[in-house]
1. Just to be sure I understand the filter: pairs with C-beta atoms under 8 Å, separated by 6 or more residues or on different chains, first member in region 4-23 and surrounded by 10 or more Cβ atoms within 10 Å (Cβ to Cβ), second member modelled with pLDDT of 95 or more and part of a loop (DSSP other than H, G, I, E, B). Which pairs pass?
2. Quick one: how many residues across region 43-58 are surrounded by 10 or more Cβ atoms within 10 Å (Cβ to Cβ) and either closer than 22 Å to residue 4 by Cα or touching a helix residue (DSSP H, G or I) at 6+ places or on another chain (Cβ under 8 Å) (or both)?
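The values are calculated or read from the model by the stated rules, or taken from the named source; none is laboratory data. None of the values given here were measured: they were computed from a predicted structure. Here Cβ is always computed from backbone atoms with ideal geometry, including for glycine, and neighbour counts include all displayed protein chains.
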């Protein structure tokens with residue numbers, strides 16, 4: 001395939017340098033990597049990777065004190081019989097998320 005088009009883009013200098021360093025280890029230039037990227041877009045009919053926000057960190061407790069309180073609450077629930085059978089919990093998870101047994 002003849003390369004007869006020029007692409008001019010602006011990028012952050014640090015990002016470019018990091019990419020060049022990585023690509024050098026792989027034996028590729030920026031130009032070769034961009035060409036590969038554009039070919040992949042054509043082949044897969046879109047971006048060749050998933051674009052999404054990183055999953056938020058799930059914080060259960062914001063402090064040791066809060067964690068200890070949550071553990072104490074759980075202990076009290078167990079002592080008073082305020083529990084759910086594991087088989088019931090698993091059945092609910094299977095139903096909610098469509099898992100089969």
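1. If the second residue must be modelled with pLDDT of 95 or more and part of a loop (DSSP other than H, G, I, E, B), the pairs left are 23/29.
2. Narrowing region 43-58 to residues surrounded by 10 or more Cβ atoms within 10 Å (Cβ to Cβ): 44, 46-48.
Now restrict to residues that are either closer than 22 Å to residue 4 by Cα or touching a helix residue (DSSP H, G or I) at 6+ places or on another chain (Cβ under 8 Å) (or both): 47-48.
The total comes to 2.
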